[in-house]
Amino acid sequence: MKQELSNPYQSAATRRYALVLLTVVYAFNFIDRQLLAILQESIKADLGLSDGQLGLLAGFAFAIFYVTAGIPIARWADRSNRRNIVAGAVFLWSFMTAVSGFAQNYVQLLLARIGVGVGEAGGSPPSHSIISDIFPPEKRASAMGFYSTGVNIGILFGFLLGGWLNEFFGWRVAFIVVGIPGIFIALLVRATLAEPMRGLSENKHTAPAEPSPSLGQTLNILWSRRSFRHMSFAAALNAFCGYSTASWTASFMIRSHSMSTGELGTWLAMISGVGGAIGVIAGGILADKLALRDKRWYVWVPAVAGVISVPFMAAVYIADTAYMALILSIIPGLLHNVYLGSTIATTHGLVGLRMRALASAILFLILNIIGLGLGPLLVGMLSDLLQASEGAHSLRQAMLYLLPPIMVWSTVHFLLAARSLRADLERAPA
């Protein structure tokens, strides 16, 4: 029994290593995903695609397989070895990213990106569950915030590597070069990451043989919490803006301001990568500190970030010059992902120990169907509709018409979530 209850994460160094390694995995998740954004103008010209097809490729077609596969994988993670699931997932999506470089037509590229989506579905829910088991509740939003910097690190290297590799070697080489290192990361995870006992950070324990709650039970608990309904929808709308910006900003700057992919990739890497990482870490730490006085700060912090972002988001698409547009985008780039750490941590606070991976998958299903699925797709479709009247600036107008109002809508739902958050956290199952 002592062996069964042993804790491989008693030392702070071991916890930090696990967090850093899982963050690296998450970064590769977004490098592989973000690469498409900086390459899509070259892909569009090479394969003869429309904006609608690009939006489907980056958005809904990817998202539907990502979230559909995420539910059974998360259910598996709540009762099995999460480390092994993460290792297998990063191997699959990295392999399929490399395969993307060999696509000869739209259907082949679409199938490869679907494979990437299925692989990436196995990354975050098991990782979230591991982090919640090795960090106590009062440090969980900060840990999730650090983990969520993987989004921004991935965007940084996706834009930076993709931009310059495309400029010198073409889009196919970029996919292959970026995909291969992830295979070695998968082996590192399998060899060096320990599987934690569930609940040890909270002095709780569930036996390995204890059955995990069903999808229906977990969904019923989450959906019965008014705070989760508002918070998840707010996060999804925020993600709508974030994924649309990540998917289409490069194309907007190339079309409306005639920037090269190398220079543009460097700018976007700094804005969305470095700036976004600072924002998501600071958001998690700030939410944890303020929540010691009032738990509602877990949703008030992203609401404040949304209010600040909106005027800058609009100004980006009105700016006359490329550099003014890029400078204005620094503030939204800093604040776009502030919501991630506190939203994931709060979702875990609403459910039981063996529901966490599945709760993350449910949250990400909502977030990605609306944010990743509809965001890039609707922007692309609106750009196609405006093509006749706006010409080369149709994408600029589509982003201006959609994104600032959606961010306002997101902020409203974060504020509504605050009304019942404290009571819902108190009713969380053991």
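Bear in mind that the values in this text are calculations on the coordinates, not laboratory data. Quantities reported herein were computed from a predicted structural model and do not represent experimental measurements. We place every Cβ from the backbone using ideal geometry, glycine too, and count neighbours over all the protein chains shown.
Do me a favour and compute the ellipsoid semi-axes for the chain from its Cα gyration tensor, root of five times each eigenvalue, largest one first, whole Å.
On the way: eigenvalues 236, 120, 66 Å².
Taking √(5λ) for each Cα gyration eigenvalue gives 34, 25, 18 Å.
What the phi angles of the range 128-136 give under the Karplus curve with 6.51, -1.76 and 1.60, with θ = phi - 60°, is a coupling list of 4, 5, 4, 4, 5, 7, 9, 10, x Hz, glycine and proline written as x. 3J(HN,Hα) couplings calculated from phi for the range 229-244 with the Karplus curve 6.51 cos²θ - 1.76 cosθ + 1.60 (θ = phi - 60°) are, in sequence order, 4, 5, 5, 5, 5, 4, 4, 5, 5, 4, 5, 3, 5, x, 5, 5 Hz; Gly and Pro show x.
Here the extension length gained between Q217 and S11 equals 70.7 nm, from 0.36 nm per residue of separation less the Cα-Cα distance. For the range 296-378, the alpha-carbon radius of gyration amounts to 1.36 times the rule-of-thumb value 2.2 N^0.38 Å expected for a compact globular protein.
With the charge dipole of the range 1-146 set up from +1 on Lys and Arg Cβ and -1 on Asp and Glu Cβ about the Cα centre, the Cα lying farthest toward the positive end among the listed residues A74, N29, S42 is that of A74.
With each run of n ≥ 4 DSSP H residues scored as -39500 (n - 2.57), what mean residue ellipticity at 222 nm is computed for the chain after dividing by its residue count and rounding to the nearest 500 deg cm²/dmol?
Working: 20 runs with 330 residues, N = 430.
The helix contribution divided over the chain gives -25500 deg cm²/dmol.
In terms of packing, defined here as the mean over residues of other Cβ atoms within 10 angstrom, the peptides 161-173, 271-283 line up highest first as 271-283, 161-173. Magnitude of the charge dipole for the chain, about its Cα centre and with charges confined to Cβ atoms of Lys, Arg (+1) and Asp, Glu (-1), is about 1340 debye. Relative to the current alpha-carbon distance between N105 and L292, full extension at 0.36 nm per residue lengthens the span by 61.9 nm. Ranked by the mean number of other Cβ atoms within 10 Å per residue, highest first, peptides 230-238, 93-101, 331-339 order as 331-339, 230-238, 93-101. Label the range 258-298 by shape, choosing from rounded, prolate and oblate, from the square roots a ≥ b ≥ c of the eigenvalues of the Cα gyration tensor; if a/c is under 1.5 it is rounded, and otherwise prolate applies when a/b is larger than b/c, oblate when it is not. Judged from the Cα gyration tensor, the range 258-298 comes out prolate (a/c at least 1.5, a/b above b/c).
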